[in-house]
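The block underneath contains the structure these notes are about, expressed in structure tokens.
What follows is calculated from the coordinates using simple rules that are stated; it is not laboratory data. Being a predicted model, the structure only gives us computed values, none of them experimental. Every residue, glycine as well, gets a Cβ built from its backbone with ideal geometry; the counts of neighbours run over all protein chains shown.
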Amino acid sequence: MRTQTARQLRRALATRPRFDAARIAVPAASRCYSSHPPNARLNLPLDYSTTHLIAHTTQSALASPELPPEIRNGPTKKMNLFQAVGDAMNIALAEDDSVLVFGEDVAFGGVFRCTMKLAETHGPERVFNTPLNEGAIVGFGVGLAAAGMRPVAEIQFADYVFPAFDQIVNEAAKFRYRDGTCGRNAGGLTVRMPCGGVGHGALYHTQSPEALFTHVPGVRVVVPRSPLQAKGLLLASIRCNDPVIFMEPKILYRAAVEQVPVGAYELPLSKAEVVKEGKDVTIISYGQPMYTCESAIKRAEEDLGISAQLIDLRTVYPWDKETVFNSVRKTGRVIIVHESMVNAGVGAEVAAAIQEDPQTFIRLEAPVSRVAGWSINNPLLYEKFSLPDVTRIYDSIRGVLSY
């Protein structure tokens with residue numbers, strides 16, 4: 001039986017057509033996946049060294065009216081985003097004995113180096129490692145905050161925060177309401193976490209779950225766009241009397257470099273910033289997509305002869321409705337851009353609020369547009385096609401203008 005089977009197999013192989021490699025054209029010395037073509041007009045690599053969203057000089061860094069006078073008259077230092085975050089925590093630890101910093105590998109500097117030298121400077125009792133247990137990290141922070149401390153808990157990646165979701169939603173956010181007249185609360189808690197895409201993060205290192213926390217009354221959700229912003233907003237978050245979810249776009253940790261004031265300063269929470277004036281369309285975003293929006297606006301203004309107003313929400317909950325409404329009433333057209341999934345995202349809430357406000361709705365010249373991540377899990381190979389890019393924002397600008 002085995003001999004007969006072997007003969008049949010040999011005959012089948014002998015009559016099978018031979019593979020001819022010459023019949024298949026294989027591109028030589030080239031990648032077999034989509035890449036940036038040399039003649040692209042829109043999706044060019046972002047140049048953070050030339051963007052107007054970053055302060056490249058001391059003068060531009062100190063020009064912000066949000067900075068206190070003593071800071072505007074002081075020195076600056078060039079920092080990237082992870083250094084600015086570390087500087088904010090260093091100042092908080094030095095100025096307030098109730099501040100503690102902890103998380104996975106924090107004493108070693110953290111995977112993104114945000115906590116470098118903090119343990120050596122302030123001691124292992126105030127900057128220390130924890131077990132790999134996100135629920136325990138945040139739960140420990142809630143207890144410290146209830147005891148009057150100002151803990152800064154780090155979740156190594158925003159993708160890992162979900163085991164801590166119950167502690168944030170049912171403990172940190174509700175503590176002061178549950179405690180009533182006893183007066184205890186978890187308002188001193190700040191939970192830091194890196195978020196967003198980097199180009200190769202895939203399922204578990206790309207997520208932007210900020211919209212989940214905007215459904216939780218009792219917490220603030222903050223997303224900075226640059227080192228100067230990160231330092232001021234983080235110091236404000238640590239000193240704030242509400243629990244704060246502080247989400248840091250990890251692609252900006254090293255990419256965004258600017259002059260940052262050396263002294264201690266706060267930037268206002270729940271206050272949006274108009275970073276570019278315009279009259280024809282309002283574009284609202286936060287975090288890393290601010291730079292993508294800027295690139296799309298530059299090309300649209302050159303091609304279409306229009307001017308766009310760009311707003312950085314900074315705090316996505318509770319967000320600044322007044323600034324947004326005033327801009328939309330002026331331009332009559334609005335686009336909201338974010339990396340996180342489009343359905344039930346921050347853009348959906350902003351769009352609904354715009355259309356629910358009578359004085360703003362009546363000024364709309366086109367439907368509110370959203371440009372966001374697709375409603376899929378983040379794929380490894382095609383991550384850049386899932387997240388908003390310059391082309392999608394440019395097309396949306398053309399769409400609302402031609403409506």
For this session: Give, as a single signed number, the net charge of other residues whose beta carbon lies under 13 Å from the beta carbon of Cys195, with Lys and Arg counted +1 and Asp and Glu -1.
Result: -2
Exercise. What number, in percent, do you get for the relative contact order of the chain if the mean sequence gap of Cα pairs under 8 Å and at least 6 apart is divided by its residue count?
Worked result: 16
Problem set entry | q = 0.12, 0.23, 0.24 Å⁻¹: log10 I(q)/I(0) that the Debye formula gives for the range 304-377, counting C-alpha atoms only | -0.32, -1.11, -1.18
Problem set entry | 19 Å Cα-Cα reach of Lys279 towards aspartates and glutamates, excluding residues that sit fewer than 8 places from it in its own chain | Glu294, Glu301, Glu302, Asp303, Asp312, Glu322, Glu365, Asp395
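Any idea what the dipole of the range 163-299 comes to, in debye rounded to 20, about its Cα centre with Lys/Arg Cβ at +1 and Asp/Glu Cβ at -1?
So the dipole magnitude of the range 163-299 works out to roughly 80 debye.
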Problem set entry | GluC sites (Glu not before Pro) restricted to DSSP loop in the range 330-403 with at most 14 other C-beta within 10 Å | Glu365
Exercise. Label-point separation (nm) for Met149 and Ser49, each offset 7 Å from Cα along Cα-to-Cβ?
Worked result: 4.4
Exercise. Taking the Cα atoms only, what angle lies between the long axis of helix 289-304 and the longest principal axis of the chain, rounded to 10 degrees?
Worked result: 70
Exercise. Quick one: Karplus J couplings for the range 166-174, per residue in order, coefficients 6.51, -1.76, 1.60, θ = phi - 60°, nearest Hz, x for Gly and Pro?
Worked result: 5, 5, 6, 6, 9, 10, 4, 6, 9
Problem set entry | Other-chain or far-sequence residues with amide H under 5 Å of Val221's (modelled H) | Ile245, Val316, Tyr317
Exercise. What share of all Cα pairs of the chain, in percent, falls into each consecutive 10 Å distance bin?
Worked result: 5, 21, 29, 23, 11, 5, 4, 3, 1, 0
Problem set entry | the chain: antiparallel DSSP beta bridges as a percent of all, rounded to 5 | 25
Seminar exercise, completed: So the pair-distance distribution of the range 273-402, from every Cα-Cα distance in 10 Å bins, comes to percents of 13, 48, 32, 6, 0
For this session: Only Lys, Arg, Asp and Glu count, each charged at its Cβ (+1, +1, -1, -1), so figure out the dipole size of the chain about its Cα centre, rounded to 20 debye.
Result: 1920
Exercise. Of Lys78/Lys117; Lys77/Lys321; Lys117/Lys276; Lys276/Lys384, which pairs sit farther than 30 Å apart, going by alpha carbon to alpha carbon?
Worked result: Lys77/Lys321; Lys117/Lys276
Seminar exercise, completed: Under the Karplus relation with 6.51, -1.76 and 1.60 and θ = phi - 60°, whole-Hz ³J(HN,Hα) for the range 236-249, x at Gly and Pro, equal 5, 5, 5, 7, 5, 9, 10, x, 10, 9, 10, 10, 10, x
Seminar exercise, completed: Between Ala353 and Arg41, the two model label points (7 Å from Cα along the beta-carbon direction) sit apart by a distance in nm of 3.6
Exercise. Please state the relative contact order of the range 273-402 as a whole percent: Cα pairs under 8 Å, 6+ residues apart?
Worked result: 29
